[in-house]
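See below for the structure under consideration.
The values are calculated or read from the model by the stated rules, or taken from the named source; none is laboratory data. As the structure is a computational prediction, the values presented were derived from the model and not from experiment. No Cβ is skipped: glycine too gets one built from the backbone with ideal geometry, and neighbour counts run over all protein chains shown.
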Amino acid sequence: MGAEQVITGLTRGGTPWVAQFVTALDEGKCIGCGRCFKVCPRDVLTIVQRAVDDVDFDDDDDDDDDSDNSFMTLSNAMDCIGCEACSRVCPKACFTHSPMALAA
(Lines give C-alpha, C1' and ligand atoms only; values in the text may rest on other atoms or scores of the structure.)
Protein backbone atom coordinates (compact mmCIF):
# COMPACT_ATOMS: atom_id res chain seq x y z
CA MET A 1 0.00 0.00 0.00
CA GLY A 2 1.25 3.50 -0.89
CA ALA A 3 0.88 6.73 0.98
CA GLU A 4 -2.61 8.15 1.26
CA GLN A 5 -3.34 10.64 -1.51
CA VAL A 6 -4.69 14.02 -0.49
CA ILE A 7 -6.60 16.68 -2.37
CA THR A 8 -4.23 18.93 -4.27
CA GLY A 9 -4.70 21.97 -6.44
CA LEU A 10 -2.65 23.61 -9.14
CA THR A 11 -1.45 27.18 -9.34
CA ARG A 12 -1.98 29.04 -12.58
CA GLY A 13 1.62 28.16 -13.42
CA GLY A 14 0.98 24.46 -12.86
CA THR A 15 2.69 24.06 -9.50
CA PRO A 16 0.79 21.61 -7.26
CA TRP A 17 -0.14 22.56 -3.69
CA VAL A 18 -1.92 20.63 -0.94
CA ALA A 19 -5.22 22.15 0.16
CA GLN A 20 -5.37 22.59 3.94
CA PHE A 21 -9.00 22.61 5.07
CA VAL A 22 -10.10 24.31 8.28
CA THR A 23 -10.88 21.70 10.94
CA ALA A 24 -11.16 23.84 14.08
CA LEU A 25 -11.33 27.40 15.34
CA ASP A 26 -10.35 28.24 18.92
CA GLU A 27 -13.21 30.56 19.87
CA GLY A 28 -11.57 31.27 23.24
CA LYS A 29 -8.51 32.81 21.57
CA CYS A 30 -10.54 34.69 18.97
CA ILE A 31 -10.75 38.46 19.48
CA GLY A 32 -13.53 38.95 16.92
CA CYS A 33 -11.51 41.26 14.67
CA GLY A 34 -13.31 39.92 11.57
CA ARG A 35 -10.21 39.72 9.38
CA CYS A 36 -10.82 36.04 8.60
CA PHE A 37 -14.48 36.71 7.85
CA LYS A 38 -13.52 39.38 5.33
CA VAL A 39 -11.01 37.22 3.42
CA CYS A 40 -12.96 33.94 3.33
CA PRO A 41 -14.28 33.47 -0.22
CA ARG A 42 -16.83 30.82 0.79
CA ASP A 43 -18.73 32.19 3.83
CA VAL A 44 -17.33 29.47 6.10
CA LEU A 45 -17.35 31.78 9.14
CA THR A 46 -19.96 33.67 11.14
CA ILE A 47 -19.41 36.36 13.74
CA VAL A 48 -21.19 35.74 17.05
CA GLN A 49 -21.77 38.19 19.89
CA ARG A 50 -20.49 37.00 23.25
CA ALA A 51 -23.02 36.79 26.06
CA VAL A 52 -22.71 39.71 28.49
CA ASP A 53 -21.57 37.27 31.20
CA ASP A 54 -18.61 36.21 29.00
CA VAL A 55 -17.19 39.72 28.51
CA ASP A 56 -14.81 41.20 31.06
CA PHE A 57 -15.79 44.84 31.50
CA ASP A 58 -12.65 45.99 33.31
CA ASP A 59 -12.66 49.79 33.51
CA ASP A 60 -8.88 49.81 34.06
CA ASP A 61 -8.30 48.35 30.61
CA ASP A 62 -7.25 51.17 28.29
CA ASP A 63 -7.29 48.88 25.27
CA ASP A 64 -9.32 50.68 22.59
CA ASP A 65 -10.01 47.39 20.82
CA ASP A 66 -13.68 46.75 21.53
CA SER A 67 -13.80 43.65 19.33
CA ASP A 68 -13.70 41.38 22.41
CA ASN A 69 -17.50 41.42 22.53
CA SER A 70 -17.63 39.01 19.59
CA PHE A 71 -15.88 35.96 18.16
CA MET A 72 -15.88 33.91 14.99
CA THR A 73 -17.38 30.46 14.64
CA LEU A 74 -17.25 27.82 11.90
CA SER A 75 -20.76 27.95 10.53
CA ASN A 76 -20.19 26.17 7.23
CA ALA A 77 -16.86 24.33 7.45
CA MET A 78 -17.85 21.93 4.67
CA ASP A 79 -17.63 24.83 2.18
CA CYS A 80 -13.93 25.44 2.99
CA ILE A 81 -11.76 25.27 -0.15
CA GLY A 82 -8.48 24.85 1.75
CA CYS A 83 -6.89 28.18 0.82
CA GLU A 84 -5.84 29.03 4.42
CA ALA A 85 -6.52 32.74 3.89
CA CYS A 86 -8.18 32.85 7.32
CA SER A 87 -5.02 31.64 9.04
CA ARG A 88 -2.81 34.07 7.19
CA VAL A 89 -4.72 37.09 8.49
CA CYS A 90 -5.54 35.82 12.00
CA PRO A 91 -3.45 37.72 14.59
CA LYS A 92 -4.14 35.10 17.31
CA ALA A 93 -3.52 31.83 15.39
CA CYS A 94 -7.02 30.54 16.11
CA PHE A 95 -7.31 28.14 13.18
CA THR A 96 -6.34 24.50 12.72
CA HIS A 97 -6.09 23.07 9.21
CA SER A 98 -5.36 19.67 7.72
CA PRO A 99 -5.33 18.05 4.28
CA MET A 100 -8.18 15.80 3.25
CA ALA A 101 -7.83 12.39 1.65
CA LEU A 102 -9.08 11.86 -1.87
CA ALA A 103 -12.35 9.97 -1.97
CA ALA A 104 -11.95 6.47 -3.31
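Here are a few things to note about the model shown:
- The range 43-54 residues that are assigned to a loop (DSSP other than H, G, I, E, B), paired with ones that are at pLDDT 90 or above and aliphatic (A, V, I, L, M) (beta carbon under 7 Å, 6 or more apart): 44/22; 44/74; 44/77
- Among (1) modelled with pLDDT of 95 or more; (2) farther than 22 Å from residue 101 by Cα - the single one residue 42 does not satisfy: (2)
- Residue ID - surrounded by the most Cβ atoms within 10 Å (Cβ to Cβ), chosen from residues in the range 70-104 that are over 19 Å from residue 7 (Cβ atoms) and hydroxyl-bearing (Ser, Thr, Tyr): 70
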